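Shown next, in structure tokens, is the structure this report addresses.
The values are calculated or read from the model by the stated rules, or taken from the named source; none is laboratory data. Just so it is clear, the structure is predicted and the values come from calculations on it, not from any experiment. Quick reminder, even Gly has a Cβ in these numbers, built from the backbone with ideal geometry, and neighbours come from all protein chains shown.
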Amino acid sequence: MSEVYKLIIIGSGPAGFTAGIYSGRAELKPLLFAGEKQGGQLINTAMVENWPGAEKGIMGPELMMQMRKQAEKFGAEVIDKKVSKVDFSKRPFKIWVGGEEFQAEAVIIATGAENRMLGVPGEKKLLGKGVAVCAVCDAPFYKNKKVLVIGGGDSAVEDALVLTKYADKVIMLVRKDVLRASKIMAEKVKNNPKIEILWNSELKEIVGENRVEKVRMVNNKTNEEKELAVDGVFLAIGHKPSTEIFKGQLELDEKGYVKTSENTTMTSVEGIFAGGDVVDFKYKQAVTAAGMGCMAALDAEKWLEKNYV
């Protein structure tokens, strides 16, 4: 029988590491599985300018390393391995990393969400170098520049409108001949003089050495291909929560996000808590994820005090 930890945290973005800091300070001696690539989405972010207290901004990877060290300082044990399977049917809860089994009295899930990518050439290479996934985060970097927004749903429309506050020109690349966004939002975009919509258009390639320089696109009706010089490309085609291993174990919504109680971070299974982008499909910010990680740690601490004296 393996050691039973009071608390295991799955995930290592702002939510996971913040949960590690708070639960560590509460002397819960948490075990945190950071995955094979720690840091969540911020690990691919160059400069983070909206993190409170970082007046001059901070590089995403540096912020994540600082948060990790802070969690370890307060007693969190961090293991850079990915959880492969869980069993939340009874306590203690069981968690597997490959063939190795771990047990816990309580669990915090902070596995985050992944931005949906197109898979076109240049996309991965230039991520954080002109290719972006969060207009709220990165729009100020594109003052007086020309940017491209990929998508036709609410996320794309919202990103385009945010970008008009900074960029000189915003071009939306829409795969169909209609916007899927709500009618009122679609009208705002169509009536904004800074926004141009290219209908029936798909991205083929993002070109650049150290920064985005141009894109290659195709009209899916005429098959006409053309190039367009731009300073940035914003992918706004949605997010996919990292919840595959929790299917059948926890209640998820129709999009795959973990459901939590109305006034707590408790999931559908008592003793299992969740926070960050694995729950939050609305705000998707590092600071809100960190806040939810704090909430999950406090909820877990109180629950453990009540159930395990």
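Within the range 204-215, the only residue that satisfies the criterion of being crowded, with 22+ Cβ neighbours inside 10 Å and either part of a loop (DSSP other than H, G, I, E, B) or assigned by TED's automatic domain parsing to the domain that holds Gly11 (or both) is Val212. If you go through the range 281-304 and keep only what is free of Cβ contacts under 8 Å to residues at least 24 places away in the same chain and charged (D, E, K, R), you end up with Lys282, Lys302.
If only residues of the range 18-62 that are free of Cβ contacts under 8 Å to residues at least 12 places away in the same chain and outside any loop (DSSP other than H, G, I, E, B) are counted, the one that is surrounded by the most Cβ atoms within 10 Å (Cβ to Cβ) is Ile58. Can you find a residue in the range 93-102 that is out of contact with any Lys or Arg (no Cβ under 9 Å at 6 or more places or on another chain) and in a strand (DSSP E or B)? Checked the range 93-102: at least one residue is out of contact with any Lys or Arg (no Cβ under 9 Å at 6 or more places or on another chain) and in a strand (DSSP E or B). The residues of the range 79-110 that are hydrophobic (A, V, I, L, M, F, W, C), in contact with a helix residue (DSSP H, G or I) (Cβ under 7 Å, 6 or more places away or on another chain) and farther than 12 Å from Ala19 by Cα, listed by number, are Val83, Val86, Ala106.
Yes or no: Ile245 out of contact with any Cys (no Cβ under 7 Å at 6 or more places or on another chain), in contact (Cβ under 8 Å) with a residue 60 or more places away in the chain and assigned to a loop (DSSP other than H, G, I, E, B)? Show your work before the answer.
On the way: out of contact with any Cys (no Cβ under 7 Å at 6 or more places or on another chain): yes; in contact (Cβ under 8 Å) with a residue 60 or more places away in the chain: yes; assigned to a loop (DSSP other than H, G, I, E, B): no.
No; evaluated as a whole, the condition is false for this residue.
Have a look at Val218, Val269 and point out the one that is surrounded by 15 or more Cβ atoms within 10 Å (Cβ to Cβ), among the β-branched types (Val, Ile, Thr), at pLDDT 95 or above and not in a loop (DSSP other than H, G, I, E, B).
Of the residues listed, the single one that is surrounded by 15 or more Cβ atoms within 10 Å (Cβ to Cβ), among the β-branched types (Val, Ile, Thr), at pLDDT 95 or above and not in a loop (DSSP other than H, G, I, E, B) is Val218.
Here is a check on your reading of the model: is Lys85 exposed (fewer than 15 other Cβ atoms within 10 Å of the Cβ) and at pLDDT below 95? The answer is no for Lys85.
Looking only at the range 107-127, decide whether some residue is modelled with pLDDT under 95, over 23 Å from Met266 (Cβ atoms), part of a strand (DSSP E or B) and not hydrophobic (A, V, I, L, M, F, W, C). Yes; the residues of the range 107-127 include at least one that is modelled with pLDDT under 95, over 23 Å from Met266 (Cβ atoms), part of a strand (DSSP E or B) and not hydrophobic (A, V, I, L, M, F, W, C). Determine if the range 237-252 includes at least one residue that is touching a helix residue (DSSP H, G or I) at 6+ places or on another chain (Cβ under 6 Å) and either more than 30 Å from Val278 (Cα to Cα) or of a type in the set (Phe, Trp, Tyr) (or both). For the range 237-252, residues touching a helix residue (DSSP H, G or I) at 6+ places or on another chain (Cβ under 6 Å) and either more than 30 Å from Val278 (Cα to Cα) or of a type in the set (Phe, Trp, Tyr) (or both): absent. Would you tally the residues in the range 281-301 being surrounded by fewer than 23 Cβ atoms within 10 Å (Cβ to Cβ), under 18 Å from Leu252 (Cα atoms) and touching a Phe, Trp or Tyr at 6+ places or on another chain (Cβ under 9 Å)? Selection size over the range 281-301: 1. Picking from residues in the range 73-114 that are farther than 19 Å from Gly275 by Cβ and either of a type in the set (A, V, I, L, M, F, W, C) or outside the structural domain of Ala274 (by TED's automatic domain parsing) (or both), the one that is farthest from the chain's Cα centre (by Cα) is Phe102.
Once the range 142-187 is narrowed to residues that are under 24 Å from Met47 (Cα atoms) and acidic (Asp, Glu), the residue that is modelled with the highest pLDDT is Asp168.
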